[in-house]
Amino acid sequence: MQTNFTADQLRDPDTASSNAVLRTCVHCGFCTATCPTFLLLGDELDSPRGRIYLMKDMLETGRPATKEVVTHVDRCLSCLSCMTTCPSGVNYMHLVDHARRYIEQTYRRPLPERWLRAVLGVVLPRPKLFRLALRGASLARPLSGLIPGQSMLAKRLRAMLSLAPARLPAASPVQSPQVHPAQGPRKARVALLTGCAQQVLMPRINEATIRLLTRLGIEVVVARDSGCCGALNHHIGQHDRAMALARANIESWTQEAEENGLDAIVINTSGCGTTVKDYAFMFRSEAEPWRQRAETIAGLAQDVTEFLAHFGYAPTRDAPDLTVAYHSACSLQHGQQVTTQPKTLLARAGFRVTEPKEPHICCGSAGTYNMLQPEIAGRLRSRKLDNLKATAPDLIAAGNVGCITQLSGDAVPVVHTVELLDWMAGGPRPPGVPN
C-alpha cells in the first residue's frame, strides 16, 4: 500500500511504525474471510482491510478522528485473526493500537462513554477496587431488567451487570507477594503474573497453576509490586496508564531476576501474555535502561502451557472418560501463535479433546469488548457456544479468564486448561466438572 506521510510525521515513532505496517498491506482481502465483525455485519469498513483504509486516511491527514472512524475501530475486537490469515505479515495489532491512542487524543466522545471508559480503566486493573465494584454489581444484578431504553449506555449497563458473578470467591492468600518453593529438587524458578481481574473472578486458576508448577519442581515467585499487565488500558487507548502498569511489572521482575534469577515469567491469562510479550515494542522508544529491560522481560514471558510443554507433564490419575471441547482464545492462537501445546497437554492428561468448527472466530469477550459492544459480543458468544456444543463435550477448556467468563452460564461447564492439568496430576476437581 502506498503511503504519503510527511518527513515531519515520520519523526514520530508511532507514525513511522504505522507507516511500515501500512506499506506491507497488499489489499488482498484474505483478512475479510476470518474477521468476526465482517462475518456478522457484512460491512467492508468492519473488516481489517476497511479499517486499515480508515486508519491510514486519519493518520496521514493528521485530522481529528471522525465519528465514522471511531465507530468502526471501536467495533474491532483486536482478536488478531487477520494477522494469522494475512500472507503479507501485516502487523495489524500495532496499527490499531496506534489508531486507538490517536482517537483518544483527538476525538471527544459523548460524556456517558467518556465516563464509562474512565471507570473501566481505573477499576478493572485494581483488584481491591474491582472486588468492591463487583459486590455492588451483584446486588444490583436482579434489577438489570429495570434499566430503561435501548440506548448504547443502557445496553452496556445491562451487559456489565449480567457479567457480574452472583457470588465472589474469597481472595486467595497464594496470590500475595511470596515464594512458593518447589517440591523436590528445584528444576527452574519462575515469576507468575497473577493478573488483575483474574485475581478477583477466578483465583482458583492461579492456585492450580502454583500447585502444578511446584509439584513439577518449579519454584514460583509472586513478585512484589507486579500486577496488571496494562492490556485493558492499552486496548482502549489509555496509553499513559498502560505504560505505567507495564513499567511497574518490568521494574518488579527485573529486580527479581537480578537478585534471585528467573527462568521464565509464566502467564496463565493469554490476553496478558500477548501484551507482556509485546513490551519490547511498547518500550522501543524509551531511554535506557527501560528499553533493554522491556526486551528482556518480553523474552522471558511464556504462556503456562508453553512452559509446561518443556517440563515433562504427566498425569497421576486414571483417565477421566471425559470429552473436552478446547476453545482456543484469540490472544493465544493469534496473538502468541500458541496452538498445539494446550491440546497436546490435555490429551496427555487423559481427556478426549475436540475442537469446534470456526476455531479461529472470537467468542466476543476481548477484554472490555463484551461490555462496550454487547450486541456484537452476544452474537459471537451464541455462535461460539453452538459450535462448541456441537462436539458433544462434557466440559469446555480455555486459556483466558475473559473467555471463560464470556462462555460460562450455559449448560456446559467452562474451566481453565491448567485446572484440568492440575486435577489429573493430583489437584482438586475443578468446580462443575462432571463426576
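The values are calculated or read from the model by the stated rules, or taken from the named source; none is laboratory data. Predicted model only: the values in this text are computed from it and were never measured. As a convention, Cβ positions derive from the backbone with ideal geometry for all residues, glycine included, and neighbour counts pool all protein chains shown. When the accessible area is computed, the model is the full protein with side chains, heavy atoms only, and any ligands, DNA or RNA have been set aside. Shrake-Rupley method; radii C 1.70, N 1.55, O 1.52, S 1.80 Å.
Side notes on the structure shown:
- Note on the chain: along the principal axes its Cα atoms extend 61, 53, 42 Å, ordered by decreasing extent.
- As a calculated quantity, the FRET efficiency between residue 146 and residue 352 at R0 = 60 Å, using C-beta atoms, amounts to about 0.85.
- Volume per residue that the Cα convex hull of segment 76-207 spans, once the total is divided by residue count, Å³: 185 Å³
- Applying 1/(1 + (r/R0)^6) with r as the Cβ-Cβ distance of residue 12 and residue 71 and R0 = 22 angstrom yields a FRET efficiency of 0.30.
- Normalising by residue count, segment 31-96 has a Cα convex hull of 76 Å³ per residue.
- 0 to 90° range, to nearest 10: angle between helix 111-123 axis and the chain longest Cα axis: 30 degrees
- Computed from backbone phi, the HN-Hα couplings of segment 148-162 come to x, x, 10, 5, 4, 4, 4, 5, 5, 5, 5, 5, 4, 5, 5 Hz, rounded to whole numbers (Karplus: 6.51 cos²θ - 1.76 cosθ + 1.60, θ = phi - 60°; Gly and Pro given as x).
- Taking 0.36 nm per residue of sequence separation and removing the Cα-Cα distance, the residue 138/residue 410 pair yields an extension gain of 96.1 nm.
- Which of 5, 283 is most accessible, then next, and so on - probe 1.4 Å: 5, 283
- Sequence of 205, 147 when ordered by accessible area, the most exposed leading, probe 1.4 angstrom: 147, 205
- Kirkwood-Stokes translational diffusion coefficient of segment 256-343, alpha-carbon pairs, 25 °C, 0.890 mPa s, µm²/s: 166 µm²/s
- Tensor-based shape of segment 289-389 (alpha-carbon gyration tensor, a/c under 1.5 rounded, otherwise prolate or oblate): oblate
- Length-normalised contact order for segment 305-425 - Cα pairs under 8 Å, 6+ apart - percent: 33 percent
- Rolling a 1.4 Å probe over the protein heavy atoms gives segment 1-53 an accessible area of 47 Å² per residue.
- Span from the segment 328-405 Cα centroid across to the segment 65-129 one, whole angstrom: 22 Å
- Computed E for residue 340/residue 115 - FRET, C-beta separation, R0 60 angstrom, nearest 0.05: 0.90
- Shape of segment 344-417, Cα gyration tensor, a/c cut at 1.5: prolate
- For segment 306-371, trypsin sites (Lys or Arg not before Pro) meeting the loop criterion (DSSP other than H, G, I, E, B) and having at most 13 other Cβ atoms within 10 Å: 317, 357.
- Against the chain, whose longest principal axis is taken from its Cα atoms, helix 13-24 shows a tilt of about 90°.
- In the chain, the portion of solvent-accessible area held by carbon and sulfur atoms comes to 53 percent [1.4 Å probe, whole percent, DNA, RNA and ligands not counted].
- Whole-Å distance, taken between Cα centres, linking segment 226-254 and segment 136-163: 29 Å
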